[in-house]
Amino acid sequence: FQGIFVLGLPYALLHSGYSGLFLIILAAALCCYTGKILIVCLYEEDEDGQLIRVRDTYEDIANACCKKLSPKLGGIVVNVTQVMELIMTCILYLVVSGNLLSHSFPYVPVTEKTWSVIAFVTLLPCVFIKTLKIVSKLSQLCSLVHFIIILVVMTYCLTQIHQWSWAKFRISIEFEDFLVSVGVIIFSYTSQIFLPTLEGNMKNPGEFRCMLNWTHFFACVLKTTFALTAFLTWGEETKEVITDNLPSFLQTLVNLCLLTKALLSYPLPFFAATEIVYACISRGNHSNYRSPLFSLGVRGSFLLLTLLMAMFIPHFALLMGLTGSVTGAAMTFLLPSLFHLKLKYKKLSFLEKCADISLFILGFLCSIAGVVCSIKGLLEVFG
């Protein structure tokens, strides 16, 4: 929940004003809710009224919803959407790593793309990751680095408390800038892709809802506190990535921490994407597709693909925004609410049905708005 997107939250407040604070809280509640209803879709009641986990993945839920239309159509759509978003996330980490290295060592005569290749070399051991347990250990380290970054930024902001002023908050906002802020805030909470696997690997899945409540609550508190203190410190001078506002001696330290965080973040989406593809390929009876060597080849191919796309696709950030607007909104709002309505409609109360329909509409509007803004940006770039 505490990804690199967090560093853009003060900039989001710059363009959304007081409404941005409300959005940070609202987004936490909505994403927590869609996470819960997605997991509900994994279960069905048996004859005794006991809940039994009859589905294991996002794909299984989609197939169950589309079985009358086509037994595998839903799963194909979900898998393609998931893999696109996960690959784009991996590529973004490589691009960010190259950018951070070039800014941390400006006097070294090396291009940003070359730095990305150097970062890629450190990620080669990812091809040997076979279990979620290893990924979880790396994610723990990633969380530790993240809190160090937050601590450094907030400590500096607190030293500047004498400059804080609530007058820096905007009352009137530009609609297009507001849409950008909505995207940054909402997608800083997205985690639905990983939830079915996470819940299935918990020692006590019965604690999942409690875990989701507390993690979203603490994420919301941290995001709000961080965004508020940073924005009150720099006001109108707040930059897209808040660490760029720091003094040079702190900026280098934080950039290196961000680089470590980006590299430690890479294994989770990489592992999830390769597992989806490997599972799809190896479903047949061909033993060759289930061999360790083939699995290694799939992971190696994906690793190389992320490097090539990071190196050769121009204006990747805008393409990332375009893809994220479609896949992010779909996986976070559209599909969970749609699947919940489809599979549990008869058991839902009137309020639950209204909530699901409202979330579906919200996801659709967010997706359309993000696509329009991204395409507009691409048109401006290509002239």
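The values are calculated or read from the model by the stated rules, or taken from the named source; none is laboratory data. Bear in mind the structure is a predicted one, so any value in this text is a computation, not a measurement. Every residue, glycine among them, receives a Cβ derived from its backbone with ideal geometry; neighbour counts consider all protein chains shown. All accessible areas refer to the heavy atoms of the entire protein, side chains included, with ligands and DNA or RNA removed. Shrake-Rupley method; radii C 1.70, N 1.55, O 1.52, S 1.80 Å.
The table below lists the values:
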| read-out | value |
| --- | --- |
| Long-range Cα-Cα pairs in the stretch 39-187 (distance over 25 Å), rounded percent | 62 percent |
| Integer Hz, Karplus 6.51/-1.76/1.60 couplings in order for the stretch 186-194, x for Gly and Pro | 5, 7, 6, 10, 5, 8, 4, 4, 8 |
| Solvent exposure, largest accessible area first (probe 1.4 Å, DNA, RNA and ligands not counted), of GLU45, GLU112 | GLU45, GLU112 |
| Order of exposure, largest accessible area first, which applies to TRP164, TRP214 with probe 1.4 Å | TRP214, TRP164 |
| Gaussian network model of the chain, Cα within-10 Å springs - most flexible of SER291, SER143, SER104 | SER291 |
| Filter on LYS223/LYS261; LYS133/LYS203; LYS72/LYS353; LYS36/LYS68; LYS36/LYS137 - keep pairs with C-alpha separation over 22 Å | LYS72/LYS353; LYS36/LYS68; LYS36/LYS137 |
| Helix-derived mean residue ellipticity, 222 nm - over the chain, DSSP H n ≥ 4, -39500 (n - 2.57), to 500 | -24000 deg cm²/dmol |
| Overall form of the stretch 18-94 per C-alpha gyration tensor (a/c, 1.5; a/b vs b/c) | oblate |
| Label of the coordinate-derived value, P(r) over Cα pairs in 20 Å bins from 0, in percent, listed as (i) 26, 59, 15, 0; (ii) 31, 57, 12, 0; (iii) 29, 61, 9 | (i) |
| Restricting the stretch 15-122 to trypsin sites (Lys or Arg not before Pro) in coil, as DSSP defines it, with at most 14 other Cβ within 10 Å | LYS67, LYS68, LYS72 |
| Part-to-part distance (alpha-carbon centres) for the stretch 206-276 and the stretch 125-182, which is given in Å | 3 Å |
| Estimated vicinal HN-Hα couplings, Hz - the stretch 328-336 in sequence order (Karplus 6.51, -1.76, 1.60; Gly, Pro = x) | x, 5, 5, 6, 8, 10, 4, 5, x |
| Computed label-point distance, nm, for sites TRP164 and LEU51 using a 7 Å Cα→Cβ extension | 4.0 nm |
| GLU207 accessible area, assembled protein chains, probe 1.4 Å, Å² | 100 Å² |
| The chain, accessible surface, carbon-and-sulfur percent (1.4 angstrom probe) | 69 percent |
| Gain in span if fully extended, VAL80 to ILE361, counting 0.36 nm per residue against the direct Cα distance | 98.9 nm |
| Calculated P(r) of the stretch 162-238 - Cα pairs past 16 Å, % | 66 percent |
| Pair LYS347, ASN204: separation of 7 Å Cα→Cβ label points (nm) | 2.3 nm |
| All Cα pairs of the stretch 99-208, percent lying beyond 20 Å | 71 percent |
| Karplus-derived HN-Hα couplings along the stretch 25-31 (A = 6.51, B = -1.76, C = 1.60, θ = phi - 60°), whole Hz, x at Gly and Pro | 6, 4, 4, 4, 5, 5, 5 |
